[in-house]
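Worksheet for the structure shown next.
The values are calculated or read from the model by the stated rules, or taken from the named source; none is laboratory data. On a predicted model such as this, the values are computed, not experimentally measured, just so you know. Cβ sites come from the backbone with ideal geometry, for glycine too, and all protein chains shown count toward neighbours. Protein only, heavy atoms only, side chains kept; ligands, DNA and RNA dropped before computing areas. Shrake-Rupley method; radii C 1.70, N 1.55, O 1.52, S 1.80 Å.
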Amino acid sequence: MSLSENITELGVSNYPTEITITNQYAHNVINKNRLILASSSKYRQILLKQIGLEPQCIAPEIDENPLSHELPEDTALRLAISKARNVAATSPNAIIIGSDQVAAMGHVRLGKPGNYDRAFEQLTQMSGQEVNFYTALCVLDTKSQYIDHTCVTTTVRFRALDAASIDRYLRLDEPWDCAGSAKIESLGITLAEQVRSTDPSALIGLPLISLTTMLVKLGIQIP
């Protein structure tokens, strides 16, 4: 049975609320829904602002550890859905955005390093290698119980990196909170030899092409 077939319906009540739009380029034609990002990620908030949305942010309370024998992309999708459902349980009449990203080099998962030493070790391992970043997205409308989800794969081939280059990068960018130890939207792009993706913003943490498609289905016009 697929992951989507295991999703249970959400019981919610309805009352008037509003989506938040930050500029004239986005227009919501469903004025009784509000948008909530099931995350406290500053990177995802910045991406949403780029398309004119500034949602309420609620950090979900879920266990983010992978399941035994779970593939990285399955972990990302399961967690994106879990985040959306967790926030939806206390957010009636809302549109919830859940997202998660898992990075892996072959069978090795690359989490957030947290400090210089772990980041240096990660980038040393990634030197000259390809790393897959699996960015999952879930959009859940608690009023209609509509749910949609996807997982976008971005493959990054890193340049051959010497110790001095890695050290300079880490001291300048301090990517301690980024899976794979590279801020691709910043100086991290200089570490890459090639990036392949159908949804470029996915690498930063939120696939905006997929998100826009899902929101348009719900009547939110962007732009």
Problem set entry | Test: residue in the range 75-92 that is at pLDDT below 95 and open to solvent by less than 50 Å² (accessible area, probe 1.4 Å) | yes
Seminar exercise, completed: Turns out the strands (runs of 3 or more DSSP E) fully within the range 102-220 with at least 1 residues that are modelled with pLDDT of 95 or more, in contact with a His (Cβ under 9 Å, 6 or more places away or on another chain) and open to solvent by less than 40 Å² (accessible area, probe 1.4 Å) are 130-141
Seminar exercise, completed: Scanning the range 82-127 residue by residue, those under 17 Å from the mean Cα position of the chain (by Cα) and β-branched (Val, Ile, Thr) turn out to be VAL87, ILE95, ILE96, ILE97, VAL102
Seminar exercise, completed: Quick count over the range 180-196, residues being in contact with a Pro (Cβ under 7 Å, 6 or more places away or on another chain) and without any contact (Cβ under 8 Å) to a residue 24 or more places away in the chain, is 2
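Let's see how each residue does on (1) touching a residue at least 12 places away in the same chain (Cβ under 8 Å); (2) more than 19 Å from THR154 (Cβ to Cβ); (3) in contact with a Leu (Cβ under 7 Å, 6 or more places away or on another chain); (4) not in a strand (DSSP E or B):
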{"residue": "ARG44", "(1), (2), (3), (4)": "yes, no, yes, yes"}
{"residue": "LYS49", "(1), (2), (3), (4)": "yes, yes, no, yes"}
{"residue": "ALA59", "(1), (2), (3), (4)": "yes, yes, no, yes"}
{"residue": "GLU64", "(1), (2), (3), (4)": "yes, yes, yes, yes"}
{"residue": "HIS69", "(1), (2), (3), (4)": "no, yes, no, yes"}
{"residue": "GLU73", "(1), (2), (3), (4)": "yes, no, no, yes"}
{"residue": "LEU79", "(1), (2), (3), (4)": "yes, no, no, yes"}
{"residue": "ALA84", "(1), (2), (3), (4)": "yes, yes, yes, yes"}
{"residue": "ILE97", "(1), (2), (3), (4)": "yes, no, yes, no"}
Exercise. What is the one condition in (1) in contact with a Pro (Cβ under 6 Å, 6 or more places away or on another chain); (2) free of Cβ contacts under 8 Å to residues at least 12 places away in the same chain that ILE209 does not satisfy?
Worked result: (1)
